[in-house]
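J.: First the structure, which I've put down as structure tokens, then a few questions once you've had a look.
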Amino acid sequence: MKKITAYFVLLILLVGSFSVVVSAQSNNDVLIKNASVLTAARGTLENTDILIQNGKITRIGKGITAPAGARVIDATGKFVTPGIIDAHSHSMLDAINEGSFSVTSMVRTRDMLNPTDIEIYRALAGGVTGALLLHGSANSIGGQSTTVKFKWGHPVEDYPIADAPPGIKFAMGENVRQTTFSPPPGTPLRYPRTRQGVIETMRDAFIRARDYKQAWDDFKSGKTKVQPRTDLELKPIVEILEGKRLVHAHGYRADEHLNLMLLADEFGFRVATLQHGLETYKIAPEIAKRGTGASIFTDFWGFKLESYDAIPYTAYILWKNGVNVSINSDDGGRMRRLNLDAAKVQKYGGVPEQDALQMITLNPAKQLGIDKRTGSIEVGKDGDVVIWNAHPFSVYSRVDTTIIEGVTYFDRAVDAKMRMDVAKERETLEKLDINKAPGTGGGPPSRPAERRRGDRDDADNGDGGNN
Amino acid sequence: MNSQRTMHNAKLFLILVLSVIIGGQFSLVSAQNDGSQQNQTGRAGTFAIVGARIVTVSGATIENGTIVIQNGKIAAIGANVSVPAGAEKIDGKGMSVYPGMIDAGTNMGLAEITLAVNGSVDLTEVGTMNANTKAIKGINPHSAHINVTRVNGITSVLSAPAGGLMAGQAAIINLNGSTPDEMAVVREYALVINFPRIATGGGFGGGGFGGGAQPVDFNEAVKRRDTQVEELKKIFKSTTTYMRAKDAYAKDKTLPYPATDQKLEAFEPFMKGEKPIIFTAERERDIRGVAKFVSEMKVKGIIMGGQEAWKAADDLKKNNIPVIYTNVYSLPVRDDDDYDYLFTAPSKMAAAGLKFCISTGDTGPMVRDLPYHAGIAGAFGLSKEDALKSVTLYSAEILGLADKMGSLDVGKVANVVVADGDLLEARTNIKYMFINGRMIPLTSRHTELFDSFKDRK
């Protein structure tokens, strides 16, 4: 118990040192001087300054003087991009799937966000400032998503972007069919077990939601005086029908994504994003026609049968057809190198640099409905920017500083100092009697908590870990 | 009678038609799945890349030079090299020539699709002691991974079996050929031993499926590890006894003939230190455990994995144990590890004077990312020169092939890559490549699917 306390002390110290970063400025105004600014909207501006005041970008130009109290960062020789937005992440989620039913639209990622997940800090160190947190892919309809900014060190309620439209995770294919693992002997098979079953499960949900909406409409218009019973499963699906909730649909094969779009046509809504969509290059015109977005991996492939036809040219083909494409990670490891995944989009097909950069910034912002506030470096947008020591598409580049709404959440120099502090602290703690190695007076040393991998959806029900 | 006979014939005919249709479909499917390009093994010839930047890796870079490829070898390199008569000239203007990259830690060709397609997976044999199983006998030369990998500049890989205590023998192959033998560089290079870990129930592979295993008391975990190490040592003892029995029989034919044991027979060269043993290990304490074992058993060891090898550099250097580092892309295991803990490990190994190379550790599909693994290490403290060497010359050295590949030197095998920029950069394109001096077509399953769909309206 005491050992646990000691570890908590360490944790508090860690979190404490982060808050130092946060409070280092007298206000949140920042002036970044003399950088190569990749705006993701208006090309690259050389030797340019960016002023962020009260969390917003107020000026972009040359020779801007710093207002009183503003922190000045000399970015000479450095590159600045908008904060990266990852439109498919399971970081921060203490549970990924409610795998009991195939339609669990009532469950919310918002209820299980863990603001101390170390993946947040590691993502910030890779230039990621925002993410769409999705349920896994165990279910046809998995649950309600949350769109967040990674405000590391803040309480959980500061993470969700308040004005981001709500979303919901759909899924199709192998994970939903539960064919990627063997159920324990004696377990009855869960419906649906085939692709045609999956689409019928979704159709059933939409029919029920339509009926439910009808019942409420009748009640509201006074046609009936009996108030319908609230249904938490159907409410979010009604919101889809009303165009108020964005559908983010996991799938791989082109035919199943096409089936979903046909179902959406039938019920009169637009699918926001086809997630993974590694075969979307086969149906690019159909996707473009509907204004549906695609959120894909650049080149990850071959990890399961339904990803065997994936090609690294997908982004290029979709882009050429006018589809809004974003590149996502679906993985705490890959999230740290989305800049390189965007660089690869240039390699495979030759998408222009800014369009490739938009695939990890402005395009996901559009897909998530947050492009009015973030996703590019433009006056009036949130001050979500990343300072790189080299061109972000270079493999030799590193993030120096990650800023959200003017506040620094990752800084390499501060991180270096923090390491020394933590090392000192560790040394002190390790000398404590309770933490001595076995055979030298103490009990076994406490093991730092491992990542919560137990529930990650690739392990049991597919998706979170890249699949 | 007659009508019956007709019926019978009709049935036969139907079956025949059906089988033709089905057979036809199958061959169509297999052509698609294996990639019809798989037998494009390139063409031999004499090639001269003229006026290129030549990054020899072993020596100075030649800013404007010529490299000649002849009879499968590098025949000449230099600023003032004459092009042999009849050679095919390649304009190297704006190009950089590099040695082909080598990934020393893959399972190439042993698993086409690992998840839920068991029929395509030949990675892990049953049982703990499989010294006699050989990757070269499981490698599918027509795996789609091979072409996808090589068109990104990787010309050779080590392909290792996985699982069990003694997983089997790894092969070194070139990524070209219609049969495993055509691909083989070293058919049976090293034995893979998954060195027993002190597994306390989480992280570093100790936690079992999904990491949800119950934590184990540290002392108990040490005991379990020791028991497994003892098991391993028993194999050494059995082999020694077996060899002695054979020796004795050779000298005295009146003794009973010792029954052949192919597993022990297979283990002999590794036990004697004639061939290396690759030990998978990540954590400092486990790596030190390997070093102790290598020293005690007098074998030739290589570490594969090596997250914390730099911490055990003293033990590793003392025992001449190099490291095949497979963790640039991995997430640090402990929450309180530095965010760049696994990015900086290569630079720390370099600083500690350890012999190491960088590998993807990937089963097959993503081995093509090898240059970026090295590049990221280059962003985090490793010099650009060392980053390049870590996927070329250093890999060749660790695989005992430095006299044959890993750098551009006269007499070496012509595994040569021509790129339009820095080989390790994500935006660089490979323009030409040669394996064993054969010019390889830059096509793969991916370029074929691209061509099939890119213009669909």
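J.: Check B:Pro161, B:Pro141 and return the single one that is in contact with a Gly (Cβ under 7 Å, 6 or more places away or on another chain), in the same structural domain as B:Ala387 (by TED's automatic domain parsing) and buried (at least 24 other Cβ atoms within 10 Å of the Cβ). Steps first, please.
T.: On the way: B:Pro141 fails: buried (at least 24 other Cβ atoms within 10 Å of the Cβ).
Answer to the check: B:Pro161.
J.: Counting just the residues of region A:285-327 that are acidic (Asp, Glu) and either in contact with a His (Cβ under 8 Å, 6 or more places away or on another chain) or within 22 Å of B:Arg368 (Cβ to Cβ) (or both), which one comes out farthest from the other protein chains (Cβ to nearest Cβ)? Don't jump to the end; show me each part of the working.
T.: Of region A:285-327, the ones acidic (Asp, Glu) are A:286, A:299, A:306, A:309.
Imposing the further condition that a residue be either in contact with a His (Cβ under 8 Å, 6 or more places away or on another chain) or within 22 Å of B:Arg368 (Cβ to Cβ) (or both) reduces the set to A:299, A:306, A:309.
Working: A:Asp299: 8, A:Glu306: 10, A:Asp309: 6 Å.
Once the filter is applied, the top-ranked residue is A:Glu306.
J.: Condition (residue is polar (S, T, N, Q), buried (at least 19 other Cβ atoms within 10 Å of the Cβ) and touching a Pro at 6+ places or on another chain (Cβ under 8 Å)) applied to region B:126-136: is it met by at least one residue?
T.: yes
J.: I need the full set of residues from region A:121-145 which are away from every other protein chain (no Cβ under 11 Å) and either under 20 Å from A:Glu405 (Cα atoms) or assigned to a strand (DSSP E or B) (or both), in order please.
T.: Taking region A:121-145 first, the residues away from every other protein chain (no Cβ under 11 Å) are A:127-145.
Answer for region A:121-145, where residues must be away from every other protein chain (no Cβ under 11 Å) and either under 20 Å from A:Glu405 (Cα atoms) or assigned to a strand (DSSP E or B) (or both): A:Gly127, A:Val128, A:Thr129, A:Gly130, A:Ala131, A:Leu132, A:Leu133, A:Ile141, A:Gly142, A:Gly143, A:Gln144, A:Ser145.
J.: Working only within region B:79-119, note down all residues that are over 27 Å from the mean Cα position of the chain (by Cα) and part of a strand (DSSP E or B). Steps first, answer last, please.
T.: At the first step, the residues of region B:79-119 found to be over 27 Å from the mean Cα position of the chain (by Cα) are B:79-95.
If the condition is that a residue be over 27 Å from the mean Cα position of the chain (by Cα) and part of a strand (DSSP E or B), then B:Glu88, B:Lys89, B:Ile90, B:Asp91 are the ones that fit.
J.: If only one of B:Ala60, B:Ala76 is part of a loop (DSSP other than H, G, I, E, B) and modelled with pLDDT of 95 or more, which one is it?
T.: On the way: B:Ala76 fails: part of a loop (DSSP other than H, G, I, E, B).
Answer to the selection: B:Ala60.
J.: Which one is surrounded by the most Cβ atoms within 10 Å (Cβ to Cβ) among residues in region A:96-120 that are touching a Ser or Thr at 6+ places or on another chain (Cβ under 7 Å) and assigned to a loop (DSSP other than H, G, I, E, B)?
T.: Of all residues in region A:96-120, those touching a Ser or Thr at 6+ places or on another chain (Cβ under 7 Å) come to A:98, A:102-103, A:109-110, A:113, A:117, A:119-120.
If we keep only those that are assigned to a loop (DSSP other than H, G, I, E, B) as well, we get A:98, A:102, A:117.
Working: A:Glu98: 17, A:Ser102: 23, A:Asp117: 21.
That would be A:Ser102.
J.: Now, a different point. Return the residue satisfying two criteria in turn: it lies in region A:165-191 and is within 13 Å of chain B (Cβ to nearest Cβ) and part of a loop (DSSP other than H, G, I, E, B), and of such residues it is farthest from the chain's Cα centre (by Cα).
T.: Only one residue tops the list, namely A:Pro184.
J.: Any residue in region A:248-255 that is surrounded by fewer than 19 Cβ atoms within 10 Å (Cβ to Cβ) and in a helix (DSSP H, G or I)?
T.: yes
J.: Still on this structure, please answer the following. Among the residues of region B:244-262, is there at least one that is closer than 30 Å to B:Pro332 by Cα and either under 25 Å from the mean Cα position of the chain (by Cα) or exposed (fewer than 15 other Cβ atoms within 10 Å of the Cβ) (or both)? Walk me through it before giving the result.
T.: The first filter runs over region B:244-262 and keeps only residues closer than 30 Å to B:Pro332 by Cα, leaving none.
No: region B:244-262 contains no residue that is closer than 30 Å to B:Pro332 by Cα and either under 25 Å from the mean Cα position of the chain (by Cα) or exposed (fewer than 15 other Cβ atoms within 10 Å of the Cβ) (or both).
J.: Kindly indicate which of B:Leu354, B:Leu342 is more than 27 Å from B:Gly421 (Cα to Cα), more than 13 Å from the chain's Cα centre (by Cα) and without any contact (Cβ under 8 Å) to a residue 60 or more places away in the chain. Don't jump to the end; show me each part of the working.
T.: Working: B:Leu342 fails: more than 27 Å from B:Gly421 (Cα to Cα).
So the residue among B:Leu354, B:Leu342 that is more than 27 Å from B:Gly421 (Cα to Cα), more than 13 Å from the chain's Cα centre (by Cα) and without any contact (Cβ under 8 Å) to a residue 60 or more places away in the chain is B:Leu354.
J.: Quick check: is even one residue across region B:413-430 among the basic types (Lys, Arg), in contact (Cβ under 8 Å) with a residue 24 or more places away in the chain and either within 11 Å of chain A (Cβ to nearest Cβ) or surrounded by fewer than 24 Cβ atoms within 10 Å (Cβ to Cβ) (or both)?
T.: No.
J.: Something else: At positive phi and crowded, with 23+ Cβ neighbours inside 10 Å: which single residue out of A:Gly243, A:Gly277, A:Gly222, A:Gly291 fits that description?
T.: On the way: A:Gly243 fails: crowded, with 23+ Cβ neighbours inside 10 Å; A:Gly222 fails: crowded, with 23+ Cβ neighbours inside 10 Å; A:Gly291 fails: crowded, with 23+ Cβ neighbours inside 10 Å.
Result: A:Gly277 is the single residue among A:Gly243, A:Gly277, A:Gly222, A:Gly291 that is at positive phi and crowded, with 23+ Cβ neighbours inside 10 Å.
J.: Follow-up question, since we're still on this one. Going through region A:367-394 one residue at a time, which ones are closer than 21 Å to A:Ile296 by Cβ and either within 14 Å of chain B (Cβ to nearest Cβ) or outside any loop (DSSP other than H, G, I, E, B) (or both)? Spell out how you get there, then give the answer.
T.: Quick first cut of region A:367-394, residues closer than 21 Å to A:Ile296 by Cβ only: A:367-371, A:374-376, A:392-393.
Hits for region A:367-394 are A:Gln367, A:Pro392, A:Phe393.
The values are calculated or read from the model by the stated rules, or taken from the named source; none is laboratory data. As the structure is a computational prediction, the values presented were derived from the model and not from experiment. FYI the Cβ positions are ideal-geometry reconstructions off the backbone, even for glycines, and counts take in every protein chain you see.
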